[in-house]
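Here, each number is a calculation from the coordinates, and none is a lab measurement. Keep in mind that this is a model prediction, so the values were computed, not measured. Using ideal geometry, Cβ is built from the backbone for each residue, glycine included, and neighbour counts are taken over all protein chains shown.
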Amino acid sequence: MTAYVGGSTGFGPPSWTTATRPSTPVNGQLGWNSTLGQLESWTGSQWQQITSLLYSASYLVVGGGGGGAWSTGGGGGAGGLLAGTTALNSGSSYSIVVGAGGNGSTSGVAGTSGTNSSFNSIIAIAGGGAGNGGGVGTGLGLSGGSGGGGGINSSGNQPGGSGTSGQGYAGGTSGANGTSSGGGGGGGGAGAVGNNSVAGAAGAGGAGQSSSISGSAVTYAGGGAGGPNTTTGQSGTVAGGAGGGGSVASGAGGNGTANTGGGGAGGAYTGTAFNGGNGGSGVVIISYAGAQRGTGGTVTSSGGNTIHTFTSSGTFTA
């Protein structure tokens, strides 16, 4: 178990087999285990293989989408979206939080914002709730990962809420109450701003962002559509962004799709006020190359990668 130093051969640590490991190791003692073919170190309670301590993983974290607002209200903003790579420490546990979607409003108030999703210290901000419709309240969309769309207001066009840089975009502006453009603005999406209400239509939801981390291309975090006012000649159907709810001529706003972070749509007004749609819940996905090393979530494989999908909160152990 003698270390060696050579002029052109460099430094070598002591070497042993699993059977001949030091019987009284000290913390931090380092050696080459020829049985395993790996460097290992004594941690105070066990031998830990150095070469397997850290490995790289890709992640997708999407916050819960915002709720749409009642009666020509705005569309809910999509949950913020974060994607990238990080180093995982073998054996370490990481907290996973999957944010809920916000509730659509059932009276003259704003839609509720969603809740944040997170993977350890990586936090995707929830989508902002939609601005209240029906010509009451401020009509201002709420800020979030992506901003909620503005709702109609008696004092004129109302802006959407702002998005979070690097996660999503602002919501669209509503039309003015009592005019042919008097519908809600679309909620912002992870890929684009929500659309403004224009003559003949409420604003469509902002586009989401595509990811193939699950093994196939899926678009997440689209904004909800604004609610139309068919008493002033608006067209009836307005699309949400991918995962975001759409609005219809006579009815409640569509819900955001679960585990996409889509925003809920604003409710229509036909002389009767309809409720806003609920925002979709978020999702956390972790992917790394090779065979399964971690535990937690629903485990699948694709293209040589192992994929852990969390549709509810839990723990990922690397």
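With label points built 7 Å along Cα→Cβ from the Cα atoms of Ser56 and Thr106, find their separation and express it in nm.
Result for the modelled spin labels: 5.0 nm.
Pop a pseudo-label 7 angstrom from the Cα along the beta-carbon direction at both Ala289 and Asn120 and give the gap in nm to one decimal.
Here the answer is 1.9 nm between the modelled labels.
Which ³J(HN,Hα) values, rounded to whole Hz and listed in residue order, are derived for region 95-109 from phi using the Karplus coefficients 6.51, -1.76 and 1.60 in 6.51 cos²θ - 1.76 cosθ + 1.60 with θ = phi - 60°, glycine and proline given as x?
6, 10, 10, 9, x, 7, x, x, 7, x, 7, 10, 7, x, 10
Once amide H atoms are built 1.01 Å from N in the peptide plane, which residues 5 or more positions from Gln38, or in another chain, come under 5 Å H to H?
For Gln38, the qualifying residues are Asn33.
Any idea how far apart Thr237 and Ala87 come out in nm if each label point goes 7 Å out from Cα toward Cβ?
Those two pseudo-labels are separated by 5.2 nm.
Please report, to two decimal places, log10 I(q)/I(0) for region 107-196 at q = 0.18, 0.19, 0.24 Å⁻¹ as given by the Debye formula with identical point scatterers on the Cα atoms and no solvent.
Ignoring solvent entirely, the Cα scatterers give -0.63, -0.69, -0.96.
Given a 10 angstrom Cα cut-off, can you work out which residue in Ser210, Ser121, Ser302 is the most mobile in a GNM of the chain?
Ser121
I'd like the Karplus ³J(HN,Hα) series for region 31-43: coefficients 6.51, -1.76, 1.60, θ = phi - 60°, whole numbers in Hz, and an x wherever there's a Gly or Pro.
Taking θ as phi minus 60°, the curve returns x, 9, 8, 6, 5, 8, x, 9, 5, 9, 9, 7, 9 Hz for region 31-43.
Calculate, axis by axis, the spread of Cα positions in region 27-178 along the three principal axes, and write the results as whole Å, longest axis first.
80, 23, 20
Based on the Cα atoms of region 135-251, what semi-axes does the equivalent ellipsoid have, where each is the square root of 5 times one gyration tensor eigenvalue, given in whole Å with the largest first?
The answer is 25, 15, 8 Å, longest axis first.
Take the chain, drop everything but the C-alpha atoms, weight them equally and run the Debye formula without solvent; then report log10 I(q)/I(0) at 0.10, 0.12 Å⁻¹ to two decimals.
-0.56, -0.68
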